[in-house]
There are 2 protein chains.
Amino acid sequence: MRGVIMHAPGDVRVEERERPAVVEPTDAVIRVTAACICGSDLWPYRGAEPVDGPMPMGHEYVGVVEEIGAEVRTIQVGDFVVGSFFASDNTCEICRAGYQSRCVHAVLMGQIGTQAEFARIPLADGTLVATATHPTAEQVPGLLAASDVLGTGWFAAVAAEAGPGKTVAVVGDGAVGLLGVLAARELGATSIITMSRHADRQALARRYGATAVVEERGDDGVARIKELTGGLGAHSVIEAVGTQESMMQAIRATRPGGHVGYVGVAHDVSLPGEELFFSGVHLHGGPAPVRRFLPELIDLVMKGGIDPGAVFDLTLPLDEAAEGYRAMDQRRATKVLLTP
Amino acid sequence: MRGVIMHAPGDVRVEERERPAVVEPTDAVIRVTAACICGSDLWPYRGAEPVDGPMPMGHEYVGVVEEIGAEVRTIQVGDFVVGSFFASDNTCEICRAGYQSRCVHAVLMGQIGTQAEFARIPLADGTLVATATHPTAEQVPGLLAASDVLGTGWFAAVAAEAGPGKTVAVVGDGAVGLLGVLAARELGATSIITMSRHADRQALARRYGATAVVEERGDDGVARIKELTGGLGAHSVIEAVGTQESMMQAIRATRPGGHVGYVGVAHDVSLPGEELFFSGVHLHGGPAPVRRFLPELIDLVMKGGIDPGAVFDLTLPLDEAAEGYRAMDQRRATKVLLTP
């Protein structure tokens, strides 16, 4: 089968890979209907994370089940399924508490590489959620978004305790930040401030529910958030970048007792203890337990109540994945959908 | 009047100070019935915080109202009152959300110095809670504890979401850590692990509800907590020290999705963003909004349901404050009560 391999920073190729098969009796193999390129794939692409030899790429996926192991009970061949970037048993104590991304048996899907024609999904019963009916072509991008960026933005909004009566600020205008705006709106937030300096992303943020735009960054951005919130700061701040500047911007833009939900994968971040202590904020985040939210998100997408698929502004055949990486790296695209 | 002044690290004297009077119409002046020495007073005493000229000391207090300003409505002359280490209006948006320590009009009582015969209390209506009747001598230490260390331990337990079904670990066996144990028990925690290597403090922790003791620190302490929690870590961890080691011990001892409540005043702490991100814990803390809990804590103390005053293992007249500082510095005393 064909699949994406990163050989070195900036060097992404679509090559022939061995077609996956069931290995463990709890596995399923799916034919990938759609995969995509994640903002986190850009870290190694840009050399900010090491590339230790050829790496299969991709951890977002929706598809149709081709084969199941002998112990798979709830997923059947022919099902259309959505999973997330961590395979999880969904039965351990950590999963039951809603932290499937830290399942005691978690498998990182990035190791498997879903930017490919087929993918092996470990712990299929726990990992995959089948749709009631096969989706239309228009519904596929939304389901793919649910698999990672929507689930991550949703978790960030939940971690930030977005809800009625709350003012939510969103640091980061990539797909996760934009879908954090959508999640905050769905959770009932009263005001949503997007921090963005790109007109196209501002427009999508407004479509998703943003009520104000702040173009300033860093201390100036914090000052603007304070101005918009009676000098107090936002109740809830979603952090969807992962840099020192974005984390401090998020913490400083939050009022005492408020909540920061941070989902940008941290890179070279160090939080000053004294400032954090006196900030009085709640801090919660990490790799989103997308599986917790999948049934609800799939339902919302299938009913047409939300359109998270709009974050995909470039669709390419799998064989043109390298162009997709370039487009995202150069910010010509927010999020690229790949069709094997 | 007599009051404690710190002139330099290790140099604490009881001297004649001007007797305070009402300055703002929202002030009250109290005759201090009991004050105490806080673990945080030891930071400047030990030279870990600067002493910029002579500093009045003390921020914990209970006493009887001597005088009130023209705009004080809910507090009357003759009331026995308990306050906390931040004066707060208790009406601003931040106070109403339960973060009175970050009131928009907050005044740090440490600037006023309550280790003295009298103290001016700003924002008396918001800051002070009057007891229904004057307490007995036996109840005074418990009320004084409520004013700071109990309120702080309680906030830490609430921030760590201690409750039924939860295993709570407590890092730090000073007065705040010990009262964090008591708070966790009162909040219904199922198991409470105190991290302590001092026999007397272990004994008090057990009296307050600890069900297990871990003597190891750092990585070894974390490993022991994991052993005691099925390899997962505690649901809730109270951090009551404020060092890099204690913060990392707290974060690492917490299971993914669990909660760290941290109240040790951070000194030279820097949290590694990557590790925090992948830990998946909730982090909340800071200067405790003791005022939020005072009515409930005063009620518990007056009814005799809890005995937080047992953390005071040395009582001295105000004039012997210097000996009190020495005793706490040398760990001969956990917590010193001063009687003006």
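The values are calculated or read from the model by the stated rules, or taken from the named source; none is laboratory data. As the structure is a prediction and not an experimental result, all values here were calculated from the model. Positions of Cβ are backbone-derived with ideal geometry, glycine not excepted, and every protein chain shown enters the neighbour counts. Ligands, DNA and RNA are stripped out before the accessible areas are found, and what is left, the full protein with its side chains, is counted by its heavy atoms. Shrake-Rupley method; radii C 1.70, N 1.55, O 1.52, S 1.80 Å.
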For the stretch A:150-285, with the dipole built from +1 on Lys and Arg beta-carbon atoms and -1 on Asp and Glu ones, taken about the Cα centre, which of A:TYR262, A:HIS284, A:TYR208 lies farthest toward the positive end?
-> A:TYR208
Taking only the alpha carbons of the stretch A:1-134, what extent do you get along each of the three principal axes, in Å, biggest first?
-> 41, 32, 26
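In the neighborhood of B:VAL104, defined by Cβ-to-Cβ distances under 15 Å, what is the net charge if each Lys or Arg adds +1 and each Asp or Glu adds -1?
+3
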What dipole magnitude, in Debye to the nearest 20, does chain B give about its Cα centre under +1 on Lys/Arg Cβ and -1 on Asp/Glu Cβ?
-> 820 debye
Relative to the other copies, what are the label-point distances for A:LYS303, with labels 7 Å from Cα along the C-beta vector, expressed in nm at one decimal and sorted shortest first?
-> 4.3
Would you mind checking the radius of gyration and Dmax of the protein assembly as shown based on alpha-carbon positions, in Å?
-> 28.0, 87
Taking a probe of 1.4 angstrom, what is the accessible area of A:SER246 in Å², to the nearest 10?
-> 10 Å²
What is the log10 of I(q)/I(0) for chain A, computed with the Debye formula using one identical point scatterer on each Cα and no solvent, at q = 0.10 Å⁻¹?
-> -0.56
How high is the relative contact order of chain B, in percent, with contacts defined as C-alpha pairs under 8 Å that are six or more residues apart?
-> 19 percent
Computed on Cα atoms only, the convex hull of the stretch B:91-149 has an orientation-averaged projected area in nm² of 5.0 nm²
Hey, could you grab the Kirkwood Rh for the stretch B:236-340? Inverse mean 1/r over distinct alpha carbon pairs, Å, one decimal.
-> 16.4 Å
Could you give log10 I(q)/I(0) at q = 0.14, 0.19, 0.20 Å⁻¹ for the stretch B:168-226, computed by the Debye formula over C-alpha point scatterers of equal weight, without solvent?
-> -0.30, -0.56, -0.61
Which of the residue pairs A:LYS303/B:LYS166; A:LYS166/B:LYS303; B:LYS303/B:LYS335; A:LYS166/A:LYS335; A:LYS166/B:LYS335 have a Cα-Cα distance greater than 30 Å in the structure shown?
-> A:LYS303/B:LYS166; A:LYS166/B:LYS303; A:LYS166/B:LYS335
Those aspartates and glutamates that a straight Cα-Cα span of less than 19 Å connects to A:LYS226, excepting residues fewer than 8 apart in one chain = A:GLU161, A:GLU215, A:GLU216, A:GLU239, A:GLU245, A:GLU275, B:GLU93
What whole number of Å gives the distance from the Cα centroid of the stretch B:1-52 to the Cα centroid of the stretch A:251-293?
-> 35 Å
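Could you work out Rg/(2.2 N^0.38 Å) for the stretch A:150-285, with Rg from alpha carbons only?
0.90
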With runs of 4+ DSSP H residues as the only contributors, calculate the mean residue ellipticity of chain A at 222 nm using -39,500 (n - 2.57) per run, divided by the residue total and rounded to the nearest 500.
-> -8500 deg cm²/dmol
Work out the charge dipole of chain A with +1 on the Cβ of Lys and Arg and -1 on the Cβ of Asp and Glu about the Cα centre, then indicate which of A:ALA160, A:HIS7, A:HIS134 is farthest towards its positive end.
-> A:ALA160
Using a Gaussian network model of chain A with C-alpha springs under 10 Å, which one of A:GLU60, A:GLU275, A:GLU239 is most mobile by mean-square fluctuation?
-> A:GLU275
Along the dipole axis of chain A (charges at Cβ: +1 for Lys and Arg, -1 for Asp and Glu; origin at the Cα centre), the most positive-end residue among A:ALA322, A:ALA35, A:GLY180 is A:GLY180
Distances from A:GLU93 to the same position in the other copies: list them in nm, one decimal, shortest first, using label points 7 Å from Cα along Cα→Cβ.
-> 4.1
Taking a label point 7 Å out from Cα toward Cβ, give me the nm distances from A:ARG46 to the same spot in the other copies, shortest first, one decimal.
-> 4.2
Only Lys, Arg (+1) and Asp, Glu (-1) charged, at Cβ; the protein assembly as shown dipole about Cα centre in debye = 800 debye
